[in-house]
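Undergrad: Below is the structure I would like to discuss, written out as structure tokens.
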Amino acid sequence: MTGNDDMHQNKLDLMTGGEGTSHPQAGSITMDISAANLTGADHSRGFVIEELELKEFMRYADTTRITFPAQFIVITGRTGAGKTSLLDAITFALYRRTTRTELPGVKQEDICRKGGYTRVFFTQGGHRYDVKRGITASGQSYVTLRTAGRQFTGSIRETDARIEEIIGLDCTGFLNSTFIRQDEMKHLGSEKGSDRLQVFRKLFRLDTFDRAHEIAHTMLGALKDELNRCEGELKTLNVQVDKIPEIREQLGALVSEIKDSEKSLEAIDREIREVSDALDVLGDRHEEYVRFDERYISLSNQKEEIGKRLKDVKKKGEDAETIKERIGELENLTSDYDKMVEIERTLLDKKKTYDSLMEQHAIYGRQTKSLSETHQRELNKLSNRLTEQERRIKNLSTDIGRYEAFELLRREGTLTERIARIDLELDWLSSNRELVKRLGQERASALAELEKVTLRTGRINADSFIIDEIKDNIEQIRHDMGFIGGEYNGRIEEIRGEVLKVSEALEALDFGEEDAERLNEVKYQLEDKRLKRDELEVLRGRLREIGDTEKLSSELNSRLGELEEEGLRLREELLNLQQAEDEYRTTSGESEELKARHGKVGREISARNGEIKQIRNQLHSLEEIERDTSKLRAEVKQMRGRSEILTLIHGRVFNDKGITMPAVNYLLPMLAREASMNLADMTDNRLNKVRLEVYEDKNRYGVRILVEGADGLFHDVQEFSGGEKTQINAALRFAIARELAGLPQVGRTYGRMETLFIDEGDLGSLDNDASRSLFIKKLFQMGSYFSRVILITHLSDVAEKFPYRISVSMTPDKHSIVDVGGMGHV
């Protein structure tokens, strides 16, 4: 490593905590930027842009391709033409971000339309890469990465990660290292030193330590919460562990009680065996006593049952006499039942026939009424139609019909032709008086007839074409009226014939009011007799069920005497066995009492064993808790140690006084020396000393930018004129750019950049050509550190100083177009 590389490595060690330095963070916080952790592309050479292609992106509608073949390039054009959009196209392709998408409410689709894309060709680490990002015609986002003819396969997220790995910087780091954006130089000369400090922190990525501070703060809070939880749990567990001695003592007492109960159980077992032997001796006599006793009880139950049956038989005998009397009454009352049923059947048949005939008579009546009403409705309709047609004829202005009109017109034409012919013949035959006379008579006759016909034809008008139709309608209506009248009369005659037949049948049936009254009377009488017959059948059934009560009573009394004799014999046997039975019962009672005591003691032992098992399980659980408590106590001790370490990291390491400000203090002297040389070159040595100082005011840090004036004293940058401030800010920003470009490639956090974009650079505030020329000269000197130096400006006099120019303009329809070297659109 060269001396310059050593210096830059020292800067990185300071900003990252040194190579391989570890900081505890909930176990460990590790920042390792050693070469062993580098993956991906070879970064021995930095990022160099070569080509840019875009379409349907911001104001660039058509396909536009721009190459960057020279080391010094200027992009020029009026304000708003789309110059800065080219920088947005680069960051969009590489990182899917632009200055526009950082604004609230602006989406990716707002800057890159469907079918649009941006494409960047660049070299990094000696390899050439092609990155293309856009939106398909169907609205789907995509990104592709190619190198050496191969395309990287993976999702958008995986491809983005690979691009960032190749470049070696995230978007923020790329922008800080590659772009000097509009107004960024002004921010360096801000009135507030704290704002200047934030610019330094941002450019050199010192905000990494702010994020580390936040992470340490979050982890410390989480660790304290976990520590409090564990300490509370430990306190709870200790309360349970303290119960172990008491539970062990309780377990010993229960074991002692069980041993005493087992001895008592053995004594009871001996007594039970002795009593059991005595019961075996008395057992035979006891069984004999039980058999006689059961038989005696059975006989007593039979005697009691027979007594109940005798009472029941006596009661049934009394009921049977009553039933017989009622059966005789009911038989007398229902003796004519079958005759009455036959009378009812005959009357019902006559009534059914009568009702059927009366229904037919009513049907014919309804048919007659319906026919009459239908006939009358049809006649009324036809009559109304006839009246309407007659009214139409009266309202016509002629009585001549169409056919008569045609005939009259034909006749009128014939007569007219005849008269004209006669007139010709009279001229021809004027010398023949006889013919002339006859022709004159014929002419007079024709004239007379023509006069009559003409009178009739004069009455022909438009009504002549409808009068015949109306007359035909009238004739048809009259015909229809006659037809439906005849049809009606015929149908009425048919119905009258059927009604006559029904009337004759009714007369022959001879079913009158007396027959109807008789039928109702028979129905009422039959209903009463039917109920009595049902009662008669029920009583006969009950009488059959009762049977012969005298015979049954005799049999039951005989059986009762036999049971009395057998009962006396059994009673005598029981008296003989009573003493032995008493001894057996006494001994059996003693046996049951001993068994009960045995069961009670056994249950007590079982209950004690259950308690012992439960207590042993509880003791086992508490012993496990005791072991867990030891482990938890060790963990709490470890967490307290980590908490002390995180407290140290949070409070003393990752804050302004811990790492950030020492890093700034280390960088400022080197930046001041480089800025002093830059300022001397840009002011023709009129201003050549810059001093950068850190100060603290009310617990807030800031950076002072002091420059030695013509009076030999150092003044704050705010005290200089606008052009001088631009020169001072540019000198400092160029120094920062050189430092950033000179940083060695380290992992994905610090990637070496060999391309520098300056967007405007506040050149407009330089008040003369000499100042601008010195600015451009210094810019060209930056070529010592960058392979591409690209300036974006709207100043044409500045653009003319660059050997390779890219001109951006706006078409009338507000689209941006590019012209390279005056050679036409690309």
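Undergrad: Just checking, does region 488-495 include any residue being part of a helix (DSSP H, G or I), surrounded by 11 or more Cβ atoms within 10 Å (Cβ to Cβ) and in contact with a Phe, Trp or Tyr (Cβ under 6 Å, 6 or more places away or on another chain)?
TA: yes
Undergrad: How about region 385-429: which of its residues are farther than 25 Å from Asp463 by Cβ and part of a helix (DSSP H, G or I)? Let's see the steps before the verdict.
TA: Of all residues in region 385-429, those farther than 25 Å from Asp463 by Cβ come to 417-429.
Within region 385-429, Glu417, Arg418, Ile419, Ala420, Arg421, Ile422, Asp423, Leu424, Glu425, Leu426, Asp427, Trp428 meet the criteria.
Undergrad: Kindly list, by first and then second residue, each pair from a residue in region 296-316 that is assigned to a helix (DSSP H, G or I) to a residue that is open to solvent by 100 Å² or more (accessible area, probe 1.4 Å), limited to pairs with Cβ atoms under 7 Å and residues at least 6 apart or on different chains.
TA: Tyr296/Arg571
Undergrad: Kindly indicate the residue of region 381-403 that is of a type in the set (Ser, Thr, Tyr) and in contact with a helix residue (DSSP H, G or I) (Cβ under 8 Å, 6 or more places away or on another chain) and also farthest from Ile467 (Cα to Cα) among those meeting that condition.
TA: First pass over region 381-403, keeping only residues of a type in the set (Ser, Thr, Tyr): 383, 387, 397-398, 403.
Those left that are additionally in contact with a helix residue (DSSP H, G or I) (Cβ under 8 Å, 6 or more places away or on another chain): 383, 398, 403.
Working: Ser383: 19, Thr398: 8, Tyr403: 10 Å.
Checking each candidate, the answer is Ser383.
Undergrad: Tell me the residue from Glu231, Glu249 that is in contact (Cβ under 8 Å) with a residue 24 or more places away in the chain and farther than 30 Å from Asp548 by Cα, please.
TA: Details: Glu249 fails: in contact (Cβ under 8 Å) with a residue 24 or more places away in the chain.
Testing whether each residue is in contact (Cβ under 8 Å) with a residue 24 or more places away in the chain and farther than 30 Å from Asp548 by Cα leaves just Glu231.
Undergrad: Identify the residue in region 521-550 that is closer than 26 Å to Thr322 by Cα and β-branched (Val, Ile, Thr) and, among all such residues, is surrounded by the most Cβ atoms within 10 Å (Cβ to Cβ).
TA: Thr549
Undergrad: Name the residues in region 419-442 that are open to solvent by less than 70 Å² (accessible area, probe 1.4 Å) and of a type outside the set (S, T, N, Q), would you? Quick ask: steps written out before the conclusion?
TA: Of region 419-442, the ones open to solvent by less than 70 Å² (accessible area, probe 1.4 Å) are 419-420, 422-423, 425-426, 429, 432, 435-436, 439-440, 442.
Result: Ile419, Ala420, Ile422, Asp423, Glu425, Leu426, Leu429, Leu435, Val436, Leu439, Gly440, Glu442.
Undergrad: Where in region 27-91 are the strands (runs of 3 or more DSSP E), entirely inside, with at least 3 residues that are open to solvent by 10 Å² or more (accessible area, probe 1.4 Å) and modelled with pLDDT under 90?
TA: Answer list for region 27-91: none.
Undergrad: Sticking with this structure for a sec: If the Cβ limit is 6 Å and pairs must be 6+ apart or interchain, which residue in region 445-466 that is aliphatic (A, V, I, L, M) pairs with which residue that is part of a helix (DSSP H, G or I) and open to solvent by less than 60 Å² (accessible area, probe 1.4 Å)?
TA: Ala446/Leu415; Ala446/Ile419; Leu450/Leu415; Val453/Leu408; Val453/Glu412; Ile460/Ala405
Undergrad: If you don't mind, another one. Would you check if Arg377 is at pLDDT 90 or above and open to solvent by 40 Å² or more (accessible area, probe 1.4 Å)? Full working, then the answer.
TA: Details: at pLDDT 90 or above: yes; open to solvent by 40 Å² or more (accessible area, probe 1.4 Å): yes.
Yes: the conditions hold for Arg377.
Undergrad: Within 30 Å of Thr398 (Cα to Cα) and surrounded by fewer than 14 Cβ atoms within 10 Å (Cβ to Cβ): which single residue out of Glu475, Glu449 fits that description? Quick ask: steps written out before the conclusion?
TA: Details: Glu449 fails: surrounded by fewer than 14 Cβ atoms within 10 Å (Cβ to Cβ).
So the residue among Glu475, Glu449 that is within 30 Å of Thr398 (Cα to Cα) and surrounded by fewer than 14 Cβ atoms within 10 Å (Cβ to Cβ) is Glu475.
Undergrad: Given the residues Glu344, Glu321, Glu359, which is the only one that is more than 30 Å from Leu594 (Cα to Cα), of a type outside the set (A, V, I, L, M, F, W, C), exposed (fewer than 13 other Cβ atoms within 10 Å of the Cβ) and at pLDDT below 85? Break it down into steps so the answer makes sense when it comes.
TA: Details: Glu344 fails: exposed (fewer than 13 other Cβ atoms within 10 Å of the Cβ); Glu359 fails: at pLDDT below 85.
None of the other options fit; the residue is Glu321.
Undergrad: Quick one: Arg518 ticks every box in (1) of a type in the set (D, E, K, R); (2) surrounded by 11 or more Cβ atoms within 10 Å (Cβ to Cβ); (3) out of contact with any Leu (no Cβ under 9 Å at 6 or more places or on another chain); (4) at pLDDT below 85 bar one, so which box is it?
TA: Exception for Arg518: condition (3).
Undergrad: If you go through region 614-628, how many residues are exposed (fewer than 12 other Cβ atoms within 10 Å of the Cβ) and under 49 Å from the mean Cα position of the chain (by Cα)?
TA: Residues meeting the conditions: 2.
Undergrad: What number of residues within region 374-417 are basic (Lys, Arg) and in contact with a Leu (Cβ under 9 Å, 6 or more places away or on another chain)? Working first, answer last.
TA: First, the residues of region 374-417 that are basic (Lys, Arg): 377, 381, 385, 391-392, 394, 402, 410-411.
In the following step, the residues that additionally are in contact with a Leu (Cβ under 9 Å, 6 or more places away or on another chain) were identified as 411.
Residues meeting the conditions: 1.
Undergrad: Here's something else I'd like to know. For region 551-573, give me the residue count where each residue is surrounded by 15 or more Cβ atoms within 10 Å (Cβ to Cβ) and farther than 16 Å from Glu304 by Cα.
TA: The qualifying residues number 3.
Undergrad: Is there a residue in region 96-106 that is assigned to a strand (DSSP E or B) and farther than 24 Å from Lys814 by Cβ?
TA: no
Undergrad: If I ask for residues that are over 21 Å from Leu175 (Cα atoms) and hydrophobic (A, V, I, L, M, F, W, C), which ones from region 97-156 would you list?
TA: From region 97-156, those over 21 Å from Leu175 (Cα atoms) are 105, 109-110, 113-116, 126-127, 135-142, 144, 146-156; that's our starting set.
Hits for region 97-156 are Ile135, Ala137, Ala148, Phe152, Ile156.
Undergrad: Scan Thr153, Thr136 and give me the residue that is polar (S, T, N, Q), in contact with a strand residue (DSSP E or B) (Cβ under 9 Å, 6 or more places away or on another chain) and either modelled with pLDDT under 90 or farther than 30 Å from Tyr701 by Cα (or both). Walk me through it before giving the result.
TA: Working: Thr153 fails: in contact with a strand residue (DSSP E or B) (Cβ under 9 Å, 6 or more places away or on another chain).
One residue alone meets the criteria, Thr136.
Undergrad: With the condition kept exactly as written, say whether any residue in region 759-773 is surrounded by 23 or more Cβ atoms within 10 Å (Cβ to Cβ) and charged (D, E, K, R). Spell out how you get there, then give the answer.
TA: Pass one, region 759-773, residues surrounded by 23 or more Cβ atoms within 10 Å (Cβ to Cβ): 761-762, 766.
Adding the requirement that they be charged (D, E, K, R) leaves 762.
For region 759-773, residues surrounded by 23 or more Cβ atoms within 10 Å (Cβ to Cβ) and charged (D, E, K, R): present.
The values are calculated or read from the model by the stated rules, or taken from the named source; none is laboratory data. Computed from a prediction, not measured in an experiment: that's the story for all the values here. Positions of Cβ are backbone-derived with ideal geometry, glycine not excepted, and every protein chain shown enters the neighbour counts. Areas reflect the complete protein model, heavy atoms only, side chains present, ligands, DNA and RNA absent. Shrake-Rupley method; radii C 1.70, N 1.55, O 1.52, S 1.80 Å.
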